[in-house]
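Asker: Before I ask anything, here is the structure I am working with.
The values are calculated or read from the model by the stated rules, or taken from the named source; none is laboratory data. Just so you know, these numbers come straight off a predicted model, no measurement behind them. Quick reminder, even Gly has a Cβ in these numbers, built from the backbone with ideal geometry, and neighbours come from all protein chains shown.
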Amino acid sequence: MIGRLRGKVSCADDHVIVDVGGVGYLVYCSTKNLSNLTENEYYQFFIETHVREDHINLYGFLSIDEKHTFNMLLSVNGIGPRIALAILSHLTPYQISISISARDKDIFKAVTGVGAKMAERIIIELKNKLPAMPLPFENISDNGKNNIAMDAISALVNLGINKTEAQNIVSTVLVSQPDVSIDELIRLAFKAQYTS
């Protein structure tokens with residue numbers, strides 16, 4: 001069983017060849033990871049080996065959190081390695097946890113190959129498996145601020161910002177400026193989205 005590989009990479013569309021002591025291992029990666037790799041540089045991958053009758057595939061991750069999330073996704077009925085990798089190409093482990101906590105099916109439905117039923121299964125089957133991730137604005141004790149956060153997130157989504165990103169931005173603004181008005185919160189969050 002291969003747990004980790006470190007070597008010089010040659011990149012392709014959906015995988016890398018990791019050269020380890022003259023042996024080239026074909027390792028499938030998320031597009032997020034592939035976009036962060038530089039040809040002919042050295043990287044370490046945490047490896048998950050997937051064995052079937054007709055093949056043995058290696059899936060590589062730049063962080064142990066990604067590998068853990070990949071395995072959790074594989075535990076969902078109907079999700080195989082390719083769909084799990086597609087989800088990790090679209091969302092970070094943190095975003096996946098937040099989306100499950102928020103019961104946000106739409107974020108998963110945006111992934112190619114994930115329909116409404118599968119998105120529902122992801123949320124139901126993983127809600128008790130992934131670490132509990134509070135919604136970013138749940139740390140705010142004042143119910144009025146919680147309502148402001150919800151309204152600001154809704155407004156940002158209506159302006160075309162991804163719901164998970166909107167949650168993260170609103171949380172960040174409220175932590176630094178807890179007494180901000182709803183109008184100012186929306187303005188600052190919208191500005192942060194396009195200046196980050």
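Asker: Taking the conditions exactly as written (surrounded by 18 or more Cβ atoms within 10 Å (Cβ to Cβ), among the aliphatic types (A, V, I, L, M) and in contact with a His (Cβ under 9 Å, 6 or more places away or on another chain)), does residue 73 satisfy them or not?
Answerer: Numbers: surrounded by 18 or more Cβ atoms within 10 Å (Cβ to Cβ): yes; among the aliphatic types (A, V, I, L, M): yes; in contact with a His (Cβ under 9 Å, 6 or more places away or on another chain): no.
Against the criterion (surrounded by 18 or more Cβ atoms within 10 Å (Cβ to Cβ), among the aliphatic types (A, V, I, L, M) and in contact with a His (Cβ under 9 Å, 6 or more places away or on another chain)), residue 73 does not qualify.
Asker: Let me ask you something else. For region 74-105: of the residues being of a type in the set (A, V, I, L, M) and under 16 Å from residue 164 (Cβ atoms), which is nearest to the chain's Cα centre (by Cα)?
Answerer: Applying the filter and picking the extreme gives 91.
Asker: With the condition being among the acidic types (Asp, Glu) and not assigned by TED's automatic domain parsing to the domain that holds residue 167, I'd like the strands (runs of 3 or more DSSP E) fully within region 1-103 carrying at least 1 qualifying residues.
Answerer: Result: 15-20, 42-52.
Asker: Keeping to region 174-185, report how many residues are assigned to a helix (DSSP H, G or I) and surrounded by fewer than 23 Cβ atoms within 10 Å (Cβ to Cβ).
Answerer: Quick first cut of region 174-185, residues assigned to a helix (DSSP H, G or I) only: 174-176, 182-185.
Next, from what is left, pick out any that are surrounded by fewer than 23 Cβ atoms within 10 Å (Cβ to Cβ): 175-176, 182-184.
Counting residues in region 174-185 that are assigned to a helix (DSSP H, G or I) and surrounded by fewer than 23 Cβ atoms within 10 Å (Cβ to Cβ) gives 5.
Asker: Just checking, how many residues over region 16-31 are in contact (Cβ under 8 Å) with a residue 24 or more places away in the chain and buried (at least 16 other Cβ atoms within 10 Å of the Cβ)?
Answerer: 7
Asker: Another question, then. Taking the residues in region 106-122 that are basic (Lys, Arg) and more than 16 Å from the chain's Cα centre (by Cα) as candidates, determine which candidate is nearest to residue 91 (Cα to Cα).
Answerer: Here the answer is 121.
Asker: Can you tell me which residue among 3, 24 is modelled with pLDDT of 95 or more and small (Gly, Ala, Ser)?
Answerer: Checking each option against the conditions leaves just 24.
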